[in-house]
Amino acid sequence: MNAACTVLMYHATHRHDAELGGADAHYAVTLDTFEAHLDCLAQEGAVACAVERVPALGAAGQRTVGMTFDDGHATNLQAAQALAKRGWSGTFFVNPSTVGNPDFLSWDALRAMAAMGMSIQSHAQHHRYQNELTQAEQLDELSQSKAAIEAQLGTACTVFAPPGGRTTPDTVRLARQAGYGMVSTSRVGLWDLRRADPWDVPRFAVLAGTPMAQLRAWVRQSPLEVGKQVLRYRALRTVKQALGNGGYERLRAALLPPSKDN
Ligand SMILES: [Zn+2]
């Protein structure tokens, strides 16, 4: 049994810049880079799988890396094909309100991905931050997206990834009330499989500039590299809390090329 698991978070996975559309280039990884990451996992003796399948595979002695994708960008179909080619899977968190829009996956594409063994799950109905909503609105976001995904795909929607990683003290209770069984956030760290707490599944964001050596170190669960990333996340979270969503977005816009949050 593995003591911990690395869960990765991707966004767009494009072949060339023309495919990026409105996606955030800072968070986008080219398909070539993504394939190289899968090669890296194979070299490290790990298999990629949908995050909710990690505990069962881990208990069976398989070394796993949880594979997740936020926002439902159209280019994720290519990532799904790359995973399926290896007999692997991933969890794709989509917003039903944007499914079928230009640059986003369609329901047909999502059905094809589900048929390949991919897991299609909720990133809320709209890409609205939970900490800017009332409790009733948070519950609506959870319930509507779950109902839409299940009606369109005929598969169970039981995992929730909050937009922008923003949560409230009520997020888990409301997710449970809406019928979910797992919440995967943007908190950085390894997922402790001895507890396998389904309500706080942390992830490592893979960015355009993430070096291969760093990805490999996360997969190897290097205490130094994991620790550095956790400290960076905590510092950033402190800044976010101090500035609020609006202030943080303005600061980020001033420091980085035009973009949105994950
Ligand atoms: Zn997002």
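Full extension from Q43 to A60: what is 0.36 nm times the residue separation minus their Cα-Cα distance, to one decimal in nm?
Answer, rounded to one decimal: 4.1 nm.
Taking amide H positions as placed in the peptide plane 1.01 Å from N, state which residues far from A4 in sequence (5 or more) or on other chains have amide H under 5 Å from it.
L193
For the range 171-178, what does the Karplus curve 6.51 cos²θ - 1.76 cosθ + 1.60, with θ = phi - 60°, yield as ³J(HN,Hα) per residue in whole Hz, taken in order and with x for Gly and Pro?
4, 5, 4, 5, 4, 4, 4, 7
Give me the extension gain from A151 to Q221: residue separation times 0.36 nm, minus the current Cα-Cα distance, reported in nm with one decimal.
Gain in length upon complete extension: 21.4 nm.
List the equivalent ellipsoid semi-axes of the range 1-69 in whole Å, largest first, each obtained as the square root of 5λ for an eigenvalue λ of the Cα gyration tensor.
For the range 1-69, the semi-axes come out at 27, 12, 7 Å.
What is the range 126-183's relative contact order, in percent, from Cα pairs under 8 angstrom and six or more apart in sequence?
Relative CO of the range 126-183 lands at 45 percent.
Full-extension gain between R232 and S106, please, as 0.36 nm times their residue separation minus the C-alpha to C-alpha distance.
Gain in length upon complete extension: 41.8 nm.
About the Cα centre, and with charges only on the beta carbon of Lys, Arg (+1) and Asp, Glu (-1), how big is the dipole of the range 178-262? Nearest 20 debye, please.
My answer is approximately 180 debye.
Work out the FRET efficiency for L251 and R195 from their Cβ-Cβ distance, taking R0 = 35 Å, and round it to the nearest 0.05.
0.50
Using Cα pairs closer than 8 Å and at least 6 residues apart in sequence, work out the relative contact order for the range 4-255, in percent.
In percent, rounded to a whole number, it is 19.
Of T238, T155, T75, how do they rank once you tally other Cβ atoms within 10 Å and put the fewest first?
Placing the least packed residue first, the sequence is T238, T155, T75.
Please compute the alpha carbon radius of gyration of the range 131-262, then divide it by the globular-protein estimate 2.2 N^0.38 Å. Two decimals is fine.
Rg over 2.2 N^0.38 Å, computed on Cα atoms: 1.17.
Along the Cα-to-C-beta direction of Q241, a point sits 7 Å from the Cα; which residues of the range 98-141 have their amide N less than 20 Å from that point?
Under 20 Å, as judged by backbone N against the label point of Q241, lie 129-133 of the range 98-141.
Take the Cα coordinates of the range 4-255, assign each an equal point scatterer, and use the Debye formula without solvent to give log10 I(q)/I(0) at q = 0.10, 0.14, 0.16 Å⁻¹.
Taken in order of the listed q values, log10 I(q)/I(0) reads -0.44, -0.93, -1.27.
May I ask what percent, to the nearest 5, of DSSP beta bridges between residues of the range 4-255 are antiparallel?
10
Which of V65, V159, V230 moves the most in a Gaussian network model of the chain with Cα springs under 10 Å?
In the Gaussian network model the winner is V230.
How many Lys pairs in the chain lie less than 26 angstrom apart by Cα atoms, where the lysines are 8 or more positions apart or on different chains?
Taking the chain as the scope, the lysine pair count is 4.
Read the figures in this text as sums done on the coordinates, not as results from a lab. Small disclaimer: the values here were computed from a predicted structure and weren't measured. Cβ coordinates were reconstructed from backbone atoms using ideal geometry, including for glycine residues, and neighbour counts include every protein chain displayed.
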